[in-house]
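Student: Can you read through this structure? Questions will come right after.
Only the coordinates and a few stated rules stand behind these numbers; no lab work does. These numbers come from a predicted model, not from an experiment. Cβ placement follows ideal geometry from the backbone for every residue including glycine, while neighbour counts extend to all protein chains displayed.
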Amino acid sequence: MKLILAPMEGLLDFTLRDILTRVGGVDRCVSEFIRITDQLLPPRVFTRIVPELHQGSRTPAGVPVRPQLLGSDPSCMAENAALLATLGPAGIDLNFGCPAKTVNQHRGGAVLLDEPELVGRIVAAVRRAVPPTIPVSAKMRLGNRCDGPALDCARAIDEAGADELVVHARTRVQGYRPPAYWERIHEVRAAVRLPVIANGEIWTVQDAWRCRDVTGCDTLMIGRGLVRNPGLALAITAADRVARVAPAGAGGIAWNDLLPLIGDFWRQIAIRVEPRHRSGRLKQWLNYLRGHYPEAEQAFAELRLSNDPASASRWLTAQLAPMPEALA
């Protein structure tokens with residue numbers, strides 16, 4: 001089983017990609033989307049969102065990162081993809097899955113699934129513009145308001161020459177509400193020739209196995225599950241090697257082992273984020289972590305009402321006191 005770290009706009013940026021891929025088990029990442037409108041973006045925009053392009057399109061841990069483009073104009077998407085290709089990406093991904101209202105109002109993301117023909121033209125234009133050595137993949141939901149267009153969109157992406165297709169097993173309207181309709185991914189997989197990757201509602205080792213069994217996909221994409229439990233990918237791959245003997249809830253890394261990584265996350269945030277936003281970034285991740293770690297629940301409660309980065313630094317210093325090298 002191969003595992004891909006999902007794109008998550010506003011959360012899973014290069015800093016968190018760095019931290020999560022250090023833990024292990026992740027085979028590839030997809031970046032948060034780069035919005036393409038009506039102009040050719042300068043290279044600095046691509047490298048600002050995906051700074052891994054400066055290091056062979058890989059995280060410091062060596063995991064490949066595939067930049068993702070979002071837009072609705074085939075020509076403009078192709079022109080920007082061609083420029084991006086000169087920066088040496090590990091591939092180029094196309095976003096047909098973002099459910100954000102603002103994005104959809106500007107004809108981006110999942111709203112395009114109402115137009116399978118346009119989806120196909122975008123993929124075909126990008127595929128023609130990019131050297132054949134660079135993979136082009138796409139990510140889609142089951143549909144916009146309903147899942148009726150799912151097979152038409154998947155076939156359009158396949159026929160346009162994409163190398164892979166990720167399917168998030170919900171529509172835009174369904175958002176992130178459980179369940180994820182994995183059986184529909186199985187139907188998509190049966191309708192196309194290209195490899196299909198399953199995404200949606202994978203929180204545990206057992207979820208990963210069930211998703212693989214239902215969908216038939218041997219590659220899974222995980223987003224929120226890995227943010228909540230940074231050791232999940234490592235646990236899935238380890239359990240897969242020992243023939244599924246892991247008990248329910250198994251996996252992950254201990255809180256004390258995660259703390260130095262949280263400290264490094266904070267150090268990177270302190271370098272590049274304005275002071276008034278730093279505590280918010282830490283609390284954002286702690287809010288996810290408390291779904292797996294009781295210690296994160298306590299930490300979030302302590303820091304919830306403070307936006308003072310000094311308070312966050314004091315909390316981390318106290319937590320890391322037995323291991324001072326973590327904040328050296």
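Student: Sum -39500 (n - 2.57) across every DSSP H segment of at least 4 residues in the chain, then divide by the residue count to get the 222 nm mean residue ellipticity, nearest 500.
Tutor: -13500 deg cm²/dmol
Student: Which residue fluctuates the most in the chain, going by a Gaussian network model with Cα springs under 10 Å, if the choices are LEU94, LEU84, LEU232?
Tutor: Among LEU94, LEU84, LEU232, the largest mean-square fluctuation in the Gaussian network model of the chain belongs to LEU84.
Student: Taking LYS283 as the anchor, which lysines have their alpha carbon closer than 28 Å to its alpha carbon, excluding any fewer than eight residues away along the same chain?
Tutor: Of all the lysines, those that pass the test against LYS283 - Cα under 28 Å, at least 8 places apart if same chain - are LYS101.
Student: Here's something else I'd like to know. Take every DSSP beta bridge whose two residues both sit in region 2-241, then give the antiparallel share in percent to the nearest 5.
Tutor: If we restrict to bridges inside region 2-241, about 5 percent are antiparallel.
Student: OK, next. Could you name the lysines whose alpha carbon sits less than 22 Å from that of LYS2, not counting residues in the same chain fewer than 8 places away?
Tutor: Straight-distance partners of LYS2: LYS139.
Student: If you line up the long axis of helix 205-215 against the longest principal axis of the chain, both from Cα atoms, how many degrees apart are they, to the nearest 10?
Tutor: Result, in degrees: 10.
Student: Still on this structure, I have one more. R0 = 22 Å: FRET efficiency of VAL45 with ARG267, Cβ-based, nearest 0.05?
Tutor: Working from the Cβ atoms, E equals 0.30.
Student: Then there is this: Run the simple label-point estimate for ALA100 and GLU187 please: 7 Å along Cα→C-beta, distance reported in nm.
Tutor: My value for the distance between the label points is 3.0 nm.
Student: For region 255-327, what size does the Cα cloud have along each of its three principal axes, sorted from largest down, in whole Å?
Tutor: 28, 27, 16
Student: Let me ask another. With axes computed from alpha carbons, what is the tilt in degrees of helix 275-289 against the longest principal axis of the chain, rounded to the nearest 10 within 0 to 90?
Tutor: 80
Student: Need one word for region 10-110: rounded, prolate or oblate. Basis is the Cα gyration tensor (sqrt eigenvalues a ≥ b ≥ c); a/c below 1.5 gives rounded, then a/b vs b/c decides. Before the final figure, lay out each step's value.
Tutor: On the way: a/c = 2.30, a/b = 1.44, b/c = 1.59.
Oblate, since a/c reaches 1.5 and b/c is not below a/b.
Student: Between THR133 and ALA254, 0.36 nm times their residue separation minus their Cα-Cα distance comes to what?
Tutor: Contour length minus the Cα-Cα distance gives 39.5 nm.
Student: May I ask for the net charge around ALA82, where only other residues with Cβ less than 12 Å from the Cβ of ALA82 are counted and Lys, Arg are +1 while Asp, Glu are -1? Each step should come with its number before you reach the end.
Tutor: Working: positive: ARG127, ARG128; negative: GLU79.
That works out to +1.
Student: To the nearest Å, what is the center-to-center distance of region 157-195 and region 75-97, using C-alpha atoms only?
Tutor: 21
Student: What is the spin-label model distance, in nm, from LEU87 to ALA321 if the labels are put 7 Å beyond Cα along the C-beta direction?
Tutor: Calculated label separation equals 4.4 nm.
Student: Can you tell which of THR215, THR15, THR317 shows the greatest fluctuation in a Gaussian network model of the chain with Cα springs below 10 Å?
Tutor: Sorting by GNM fluctuation, first place goes to THR317.
Student: How far is helix 182-191 tilted, in degrees, relative to the longest principal axis of the Cα atoms in the chain, given as a value from 0 to 90 rounded to the nearest 10?
Tutor: So the inclination is approximately 30 degrees.
Student: Summing +1 for each Lys or Arg and -1 for each Asp or Glu, what net charge is found among the other residues whose Cβ lies under 14 Å from the Cβ of HIS277?
Tutor: Details: positive: ARG272, ARG276, ARG278, ARG281, LYS283; negative: ASP13, GLU274, ASP308.
Every neighbour counted, the sum reads +2.
Student: What spacing in nm lies between the two simple spin-label points modelled at ARG276 and ARG210, each 7 Å away from Cα in the Cβ direction?
Tutor: Distance between label points: 4.4 nm.
Student: Let me ask something else about it. Looking at PHE46, VAL23, VAL65, which one has the Cα that reaches farthest to the positive end of the dipole of region 1-79 (charges on Cβ: Lys, Arg +1; Asp, Glu -1)?
Tutor: Checking the options against the dipole of region 1-79, the answer is VAL23.
Student: How large is log10 I(q)/I(0) at q = 0.06, 0.13 Å⁻¹ when the Debye formula is applied to the Cα atoms of the chain, each weighted equally and without solvent?
Tutor: Results for the chain at q = 0.06, 0.13 Å⁻¹ read -0.21, -0.97.
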